[in-house]
Ligand SMILES: NC(=O)c1ccc[n+]([C@@H]2O[C@H](COP(=O)([O-])OP(=O)(O)OC[C@H]3O[C@@H](n4cnc5c(N)ncnc54)[C@H](OP(=O)(O)O)[C@@H]3O)[C@@H](O)[C@H]2O)c1
C-alpha cells in the first residue's frame, strides 16, 4: 500500500488516476483547489480530500502538513494539476498568458515538490511523477512526421518543456527519490475541449509509474516507452 498525493485530481486525468490507484488498494490524497468539488470527487474515488491550490504557498504548506500528521510520509507525489491556453499562435501569445501557465504548470510543481520533499524522504521507494506532455518535447514538436509538430500552443509547450528540464534537475539533485516526466495519451478532458481518447487508458503510464517498485530516474516516457526530450 503506497501513500500517494495527486494534485488537481477533482476531475480529468487526476481523478481517473486517483480512482484506479485507490481501487488497487493504495491510500490517495486527492488534491483540489475547490472544497466542494474535491470532497465530491474524493467520495466517488474512495480517496481522502486535501485542499490544495498549487499557486498558493500557504495552501501547499497546509496540505503537506496535513499529510505529515495523517501518515508521517509520502511514497508517491503526482504533480498533475495543469492548465492550457490555445491562442492563435506565437505572435498572439502575450507574456501574461505565459505567466499564468507557468504559475500552475511549472511553479506549482516546484512549490508542491519542495513542500513534499521531507515527506518523500521519509517515504518508501519514493517517486515523483510530473504529468508532462509530448508537446513539451523539443524533438517531437520539431519533427514534421509527428502529430505534435502540427499543433504547438506555444505557452503550454514551453511550460511542459520547462517541466521536463525540472524533472531532470530534480533527479540529479535528489538521487534518493525517483523522478519521471510522464506523457499521458491525448484524452477527452476539459483541458483538451474533450478531444481525444478515454481517460481510463490515457493514465495507464502515470498509474504504472506510481505503482512501480523500481526504475530509472530523470526519465521522460509514455505508455509505450521512453520519449525523446
Ligand atoms: N488531457 C490530455 O490529453 C493531456 C495530455 C497530455 C498531458 N496532460 C496533462 O495532464 C494533466 C491533467 O490534465 P487534464 O487533461 O486532466 O485536465 P483537466 O480535466 O482540465 O484537469 C486539470 C486539473 O488541474 C486542476 N488545477 C488547475 N489549476 C489548479 C491550481 N491552481 N491548483 C490546483 N489544481 C489546479 C483543475 O482544477 P479545477 O477543476 O479547480 O480547475 C483540474 O482538477 C495536466 O498537467 C495536463 O497538462 C493532459
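Values in this text are rule-based calculations from the coordinates and carry no lab data. All of these numbers come straight from a predicted model, not from anything done at the bench. No Cβ is skipped: glycine too gets one built from the backbone with ideal geometry, and neighbour counts run over all protein chains shown.
The calculated FRET efficiency for residue 188 paired with residue 44, based on their beta-carbon distance and R0 = 25 Å, is about 0.85. Under 20 Å from a label point set 7 Å out along the Cα-to-Cβ vector of residue 1, the amide N atoms of region 39-74 belong to 42-50, 66-74.
Extension gain, residue 23-residue 61: 0.36 nm per intervening residue step, less the Cα-Cα distance, totals 10.9 nm.
For region 3-226, the relative contact order works out to 18 percent when only alpha carbon pairs closer than 8 Å and six or more residues apart are counted. In this calculation the C-beta distance from residue 34 to residue 145 is compared with R0 = 45 Å, giving a FRET efficiency of 0.65. Full extension of the segment from residue 201 to residue 83, taken as 0.36 nm per residue of separation minus the current Cα-Cα distance, would add 40.4 nm. For the chain, DSSP calls about 10 percent of its internal beta bridges antiparallel. Spacing of the modelled spin labels on residue 121 and residue 213, each 7 Å from Cα toward Cβ, amounts to 2.7 nm. Of the residues 144, 198, 184, the one that moves most in a GNM of the chain with alpha-carbon contacts below 10 Å is 144. Full extension of the chain segment joining residue 173 with residue 114 gains 20.0 nm, where the gain is 0.36 nm per residue of separation less the Cα-Cα distance.
The ranking of 76, 141 by Cβ neighbour count inside 10 Å, starting from the fewest, reads 141, 76. In the elastic network of the chain, a GNM with C-alpha springs shorter than 10 Å, the most mobile of 195, 178, 111 is 195.
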